[in-house]
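The values are calculated or read from the model by the stated rules, or taken from the named source; none is laboratory data. Just so it is clear, the structure is predicted and the values come from calculations on it, not from any experiment. Neighbour counts run over all protein chains shown; Cβ positions are idealised from the backbone, glycine included.
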Amino acid sequence: MSFLQTVEADVQAFITKVAQGAEVLIADLEAAGNWIAANIATIDADLQSALGFAQIVGGNNATVQKIIADANVSVAALNAYAADSNSGATQIASVLAGYQAITAAAGAAAMVKAGATQAVAQSPNATQVVSQPTPNAG
């Protein structure tokens, strides 16, 4: 992994080594864990924003409610990894769970936004006529 900056591709390379049964370095394990920990706040903020959007525009829609419930599983997984990471446990299984949580949360955020937008598109409001602003008669 890069000494200066760990990027997602480095985390994926680490996971590939694990999958292939190759030797992994503790430094690579720690770098992967640190990348996940550093990105949790951003992913969580995006997911929370998506959940708020979904509640506003599609909160009464059963499909949107299911998507929101599924997304909350991702929030729980992020929180579990954060707690594990904060306890000082840096193990391969923990890093794998953390990467799974962070990628699932990113996907969940996209699904929540798409599902909420679809609910609006299927509502009677989607057929409203948009009016033009009246020019200022001066």
Within the range 99-135, considering residues that are part of a loop (DSSP other than H, G, I, E, B) and among the hydroxyl-bearing types (Ser, Thr, Tyr), the one surrounded by the most Cβ atoms within 10 Å (Cβ to Cβ): 123
Boolean, residue 46 is free of Cβ contacts under 8 Å to residues at least 24 places away in the same chain, out of contact with any Pro (no Cβ under 9 Å at 6 or more places or on another chain), part of a helix (DSSP H, G or I) and surrounded by 11 or more Cβ atoms within 10 Å (Cβ to Cβ): no
Residues satisfying the stated conditions in the range 83-98, i.e. assigned to a helix (DSSP H, G or I) and either more than 14 Å from the chain's Cα centre (by Cα) or not hydrophobic (A, V, I, L, M, F, W, C) (or both): 83, 84, 85, 86, 92, 93, 94, 95, 96, 98
Counted residues, the range 79-97 - those being touching a Leu at 6+ places or on another chain (Cβ under 7 Å) and at pLDDT below 85: 1
